[in-house]
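Below you'll find the structure, written out as structure tokens, and then a few comments.
The values are calculated or read from the model by the stated rules, or taken from the named source; none is laboratory data. Since we're looking at a predicted model, the values are computed, not measured. With ideal geometry, Cβ positions are generated from the backbone for all residues, glycine too; neighbour counts draw on all protein chains shown. SASA here: full protein model, heavy atoms, side chains in, ligands and nucleic acids out. Shrake-Rupley method; radii C 1.70, N 1.55, O 1.52, S 1.80 Å.
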Amino acid sequence: MILPLLKGLALTLRRFLNPKTCATELYPEERPKLSTRFRGLPELQIGKDGREKCVACGLCAKVCPSQCISIEGAEDETHRRYPKTYELDAFRCIFCGFCEEACPVRAIILRDTFELATYEKKDVFDKEKLLDLTRKRNLPR
Amino acid sequence: MNIVQLVIDDKPISAPEGTNVFHAAMNNGIYIPGLCYHPKLSQFGGCRLCFVEITERKRTGHRFACAHPVSEGMVVKVNTPRVVRYRKSVMEYLLAHHELSCPTCDKSGECGLQNITYELNLAPGRFRTVRMHYPVIRDNPVLELNRNRCVLCGRCVSTCKEIEGLSAIDFQNRGFKTVVGTAFDRPLECSFCGGCVAVCPTGAWQDRTLGFRGRAWEFTSTPTICPYCSVGCTVVVDTKAGNVRRIVSNDRLGINEGNLCVKGRFGHEFIHSPERLKTPLIRRNGEFSPATWNDALDYVSKRFQEIIQKYGGTSIGGIGSERCTNEDNYLFQKFCRAVLGTNVIDNISNMKSPYLNRLIYQSVVNGIATPFLRELEQANTLFFFGADVTEAHPVIGSMARKAIRLNNANLVIANVRDVQFNSNAKNDVRLFYTLGSQIILINALMKVIIEEGLVDEKKAEAATNHFHELCSALNMVTVSEASQQTGVPEETIRNAARILAKPGRCHIICGKDIEEDPSGEVAVKALLNLCALLNILGNNEDKRASVLFSRSHNNSQGVNDMGVVPEFLPGYLDLNDASHRERVKKIWGRKLPEHVVKEDSVNVIDLMLNGKVKALYVIGENPVMTYPYGKDVREACKKLDFLVVQDAFLTETAQMADVVLPTAIFAEKEGTFTNMGMTVQRLNRALQPAGEARQDWEILCELAKKMGYSFSYLSVKEVLQEIGSLSPIYAGIQYDRLKRKEFRWISSFYDKNPRAPYTFEIIRPPSAAIVKRKDFPYLLLTGASLNHHGSFSRHAKALIAIAPECFVEISRKVAQDAGILNGDTVTIESLQNKIKLKVKVTDRIPEGIVFIPEDYEWVPVNLLRNKIYTPVKIYKETE
């Protein structure tokens, strides 16, 4: 009876000591490896002209099951439709990815941002914050 | 009209003969897809989507529902496989060159094309898509035309032609290149009614005041009543996040069948104007400083009590509002009469024409007044007398055009100016009389009717009083003399009289030019004579004539109904009648002030001028700019000890006030408005009042409480109940029922009282009040303007963009003589004052007259005027 237990412990010990098979992640010293299908915080994408891709169609806000997105559309001087405000309440977001699916211009994508802890109780991501996530990503490393 | 039985989709329905299948189905809740048919427009048959299978006289075939009339025993199938296949292929063609920019198109969510695509479950089409790349036309502040989204249904073209009578847009080119546009692609020159936006099934026409600020599914829609003119159109206020985003129309609600004018549809930006008053203001050491409600109302009540103690209650005057609700005005007059103890209350419309209330009430008793406005659509003859409907009441114009289109109505227009009214009436007679000769013209029309034997004299004598006297009085006038005096050719007068005497319903629309004329009282009486004469014409029973008195503001009728006039209690109860006073005393529990103003000519402003009124309480009105005699009112306001103004904006009157109380505007209010057809319609609240603003009735209740008389109303419903119990004409009104059905006090009046026989009053034209002066050669005429009205429109960005400046219209001859060109800035000087305005040279006004619209409220036109026709001169100032 004791033998199988020791056998099992031996396997555990072998795996534990081998750095290649060890499951422990050294977060935050090491970044975790995320799957490509990981759904983190929705991020607003930037178009070729350096502005947000979003056209304020409101479909993401409509489809959002937790109703965390609110958009105020407006018309700019070139008569383009753009979001004057784009607010995403990260506390309410359930990271379902429906907004990404609904978006007709691929302006919102759920990438790998998952570190959302804040000191402020009410922390709504506004348009600039959401764009900054993408901007940082585009910076040369 | 015969009723036909037919079956649509296994549902037996009945429809009047002559209706088309589409309409019959729609009225019975059966859906047939279609983009081009609209019930208020003539059929076009352009979209080919309403294809249905019809079995008629044992033959089955396929027809277009909008172009096929119903017949007895017809069997219609809307969704057979073949029909659906056809419809799908039509949609494929339509979508093959559609822009498909739904994400950025404001129509998305309420788009006909989108809906049908969704219903038919269309997959990407079989055809090569060919996109069009027309530039988007944005050459005006309110409308945007994106022809890449157009499906050429022709609804906008028909609306512009049939409802607005303008034909500003039409189809251009042929075949694939067909587009909708203006002649020679010039910038759109129209009345900007926005009818094209309302009927467009796709996003081709857009409302630019929306400016991508919301999507169709995000809005909360609240139907309410337009705050501008007295037609009382129902507008639907679309709000998002407590903010008005746009105003749309609904074809099924109210009296206007979805027709609006530029003010109603696009003039909504004043609601969130930064210039709105948000807190009460008290003047301290000459400067306004914000105050709390409690402080402001305490101060007002303290000052009022001081003045009452010092000079008595009658030294306080009140000016009611033509824009506030009936409930506000009722409580206002109750506050003035019961709390302040004064009868010196009035409203601007009554000050302009103090006889009108009496005459309207008289005509109601005689059964010749004021049709329900929708009845204008069934008219056979329309007579616009001194009324510029296109500018003042554009939706009345749309109703008239409907009568002309469907009923072949005849049209007679009498005016000093050549007012614009486009229609395709077969009989369209225009009488351009010289200023001041309107009474002669009316008498001449009556003379022709009697002289040519168009009236059955025996019947007339039986039905009315003093008909003989009228005939003998009219014997004195001859038509040729009248023709000379009025400047209208004799044959035209005769022709007009014959048209008026034609059988069928005749509606006379009495305009502002008549009502506010110096000889207005006599002219209105003469018009009532004419109407009574037309009413007894011929043998045919359905000949009914009526006079519709045009009122200027949304509740100009209501404010008078509510008794914000010196001589009447609510419901035109004579104040001098002791029994009425007793009855009111019983309900209010307070004695009414004895002091009664008897003279018409003495109004609040006059009393202020001669120092009898020391304090004034103004709600929702700007008398400094709207009272006809600018100099008087400015002097009078300066003489006051204490002025309280209750308004939504810091108007010119409010700037002179000691206390300004901010109020809610129409979208933030509950209550009722009475339009010029005496229809009481209910407002619905769409928003919370801006800042600390309150509804007028709430302020009045609070103030009354502070002055020691409790107004214990919890809602406007209770106020309306009291109005119903007090005033006989509003008896039976119920606030809850108004949501479903509007209330017309005239109808309930006739249920109780039979129509009294009319007594003709012999009208002799008064000696002309025209003083001709060599140094001031022209006469000033003021009137309505389409783009502005009251003190709201001046804060609406879109309206300011359309009509930024006031102008003076002068005739070509005058312009040539004085060397003035179109667009020059000139000085208009009268004995009283002078102002500078831009010139519009036009052929539409006669020589010797200059016309200034008075609705540009920031322009002090009233400074120029005196009590009769004002002589003015025009010159270009050399710099």
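For region B:773-790, the count of residues that are basic (Lys, Arg) and either in contact with a helix residue (DSSP H, G or I) (Cβ under 7 Å, 6 or more places away or on another chain) or part of a helix (DSSP H, G or I) (or both) is zero. Selection of region B:85-124 for residues being polar (S, T, N, Q), part of a loop (DSSP other than H, G, I, E, B) and more than 14 Å from chain A (Cβ to nearest Cβ) yields only B:Asn121. Of (1) surrounded by 24 or more Cβ atoms within 10 Å (Cβ to Cβ); (2) touching a Phe, Trp or Tyr at 6+ places or on another chain (Cβ under 8 Å), B:Asn357 satisfies all except one. Which? Only one criterion in (1) surrounded by 24 or more Cβ atoms within 10 Å (Cβ to Cβ); (2) touching a Phe, Trp or Tyr at 6+ places or on another chain (Cβ under 8 Å) is unmet by B:Asn357, namely (1). When B:Gly45 is tested against (1) without any contact (Cβ under 8 Å) to a residue 24 or more places away in the chain; (2) part of a strand (DSSP E or B), just one condition goes unmet, and that condition is (2). A count restricted to region B:649-671 and to residues that are under 25 Å from B:Val248 (Cβ atoms) and outside any strand (DSSP E or B) stands at 7. Only one of the numbered conditions (1) of a type outside the set (Phe, Trp, Tyr); (2) at pLDDT 90 or above; (3) open to solvent by 10 Å² or more (accessible area, probe 1.4 Å) is not met by B:Ser830, and that is (3).
With the requirement that a residue be within 13 Å of chain A (Cβ to nearest Cβ) and open to solvent by 10 Å² or more (accessible area, probe 1.4 Å), what does region B:188-208 give you? Hits for region B:188-208 are B:Gln206, B:Asp207, B:Arg208. Would you mind stating whether B:Glu375 is open to solvent by 10 Å² or more (accessible area, probe 1.4 Å) and either over 15 Å from the mean Cα position of the chain (by Cα) or farther than 28 Å from B:Thr782 by Cα (or both)? It is true that B:Glu375 is open to solvent by 10 Å² or more (accessible area, probe 1.4 Å) and either over 15 Å from the mean Cα position of the chain (by Cα) or farther than 28 Å from B:Thr782 by Cα (or both). Return yes or no: is B:Tyr778 within 23 Å of B:Lys631 (Cα to Cα) and open to solvent by 20 Å² or more (accessible area, probe 1.4 Å)? Yes. Residues that are among the β-branched types (Val, Ile, Thr) and open to solvent by 20 Å² or more (accessible area, probe 1.4 Å) do not occur anywhere in region B:64-74.
Conditions (1) surrounded by 14 or more Cβ atoms within 10 Å (Cβ to Cβ); (2) in contact (Cβ under 8 Å) with a residue 40 or more places away in the chain; (3) farther than 21 Å from B:Thr842 by Cα, marked per residue:
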residue	(1), (2), (3)
B:Leu406	no, no, yes
B:Val419	yes, yes, no
B:Leu435	yes, yes, no
B:Ile442	yes, yes, yes
B:Glu469	no, yes, yes
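The strands (runs of 3 or more DSSP E) located wholly in region A:30-105 that include 1 or more residues which are open to solvent by 60 Å² or more (accessible area, probe 1.4 Å) and over 25 Å from B:Val136 (Cα atoms) occupy A:81-89. Before we move on, is B:Gly611 more than 29 Å from the chain's Cα centre (by Cα) and assigned by TED's automatic domain parsing to the domain that holds B:Thr672? Considered against the rule, which asks whether it is more than 29 Å from the chain's Cα centre (by Cα) and assigned by TED's automatic domain parsing to the domain that holds B:Thr672, B:Gly611 comes out as yes.
Restricting the search to helices (runs of 4 or more DSSP H) fully inside region B:341-446 and requiring at least 3 residues that are in contact with an Asp or Glu (Cβ under 7 Å, 6 or more places away or on another chain) gives B:348-352, B:394-407. So, in region B:631-653, exactly how many residues are crowded, with 23+ Cβ neighbours inside 10 Å and either in contact (Cβ under 8 Å) with a residue 40 or more places away in the chain or among the basic types (Lys, Arg) (or both)? Residues in region B:631-653 being crowded, with 23+ Cβ neighbours inside 10 Å and either in contact (Cβ under 8 Å) with a residue 40 or more places away in the chain or among the basic types (Lys, Arg) (or both): 6 in total. For region B:581-590, the criterion of being surrounded by fewer than 24 Cβ atoms within 10 Å (Cβ to Cβ), aromatic (Phe, Trp, Tyr) and under 25 Å from the mean Cα position of the chain (by Cα) is met by no residue. Mind checking whether some residue in region B:485-504 is at pLDDT 90 or above, more than 26 Å from B:Gly397 (Cα to Cα) and over 33 Å from the mean Cα position of the chain (by Cα)? Checking region B:485-504: at least one residue is at pLDDT 90 or above, more than 26 Å from B:Gly397 (Cα to Cα) and over 33 Å from the mean Cα position of the chain (by Cα). Comparison of B:Ser249, B:Ser230, B:Ser221 shows that the only residue that is open to solvent by 10 Å² or more (accessible area, probe 1.4 Å), in contact with a helix residue (DSSP H, G or I) (Cβ under 7 Å, 6 or more places away or on another chain), of a type in the set (Gly, Ala, Ser) and away from chain A (no Cβ under 14 Å) is B:Ser249. Among the residues of region B:1-19, the ones that are closer than 21 Å to B:Lys58 by Cβ and open to solvent by less than 50 Å² (accessible area, probe 1.4 Å) come to 6 in all.
Counting only residues that are over 15 Å from B:Asn326 (Cα atoms) and either open to solvent by less than 20 Å² (accessible area, probe 1.4 Å) or among the aromatic types (Phe, Trp, Tyr) (or both), region B:678-689 holds 1 of them.
Taken over region A:106-124, the criterion of being farther than 9 Å from A:Pro42 by Cβ, within 14 Å of chain B (Cβ to nearest Cβ) and open to solvent by less than 60 Å² (accessible area, probe 1.4 Å) is satisfied by A:Ala107 alone.
Within region B:131-154, the set of residues being more than 28 Å from the chain's Cα centre (by Cα), within 13 Å of chain A (Cβ to nearest Cβ) and without any contact (Cβ under 8 Å) to a residue 60 or more places away in the chain comprises B:Pro135, B:Val136, B:Ile137. Applying the set (1) within 20 Å of B:Ala241 (Cβ to Cβ); (2) within 14 Å of chain B (Cβ to nearest Cβ) to A:Lys127 leaves exactly one unmet item: (2).
All told, B:Arg764 meets the bar of being closer than 30 Å to B:Ile368 by Cα, out of contact with any Ser or Thr (no Cβ under 8 Å at 6 or more places or on another chain) and open to solvent by 30 Å² or more (accessible area, probe 1.4 Å). Within region B:842-870, residues that are over 15 Å from B:Ser785 (Cα atoms) and assigned by TED's automatic domain parsing to the domain that holds B:Ala784 have Cβ atoms under 8 Å from residues that are open to solvent by 10 Å² or more (accessible area, probe 1.4 Å) and among the small types (Gly, Ala, Ser) in these pairs: B:Ile868/B:Ala769; B:Tyr869/B:Gly436; B:Tyr869/B:Ala769, counting only partners at least 6 apart in sequence or on another chain. Answer with yes or no whether B:Arg215 is within 14 Å of another protein chain (Cβ to nearest Cβ) and basic (Lys, Arg). It is true that B:Arg215 is within 14 Å of another protein chain (Cβ to nearest Cβ) and basic (Lys, Arg).
Here B:Arg284, B:Arg303 are screened, and the one residue that is touching a strand residue (DSSP E or B) at 6+ places or on another chain (Cβ under 9 Å) and either open to solvent by 30 Å² or more (accessible area, probe 1.4 Å) or of a type in the set (Gly, Ala, Ser) (or both) is B:Arg303.
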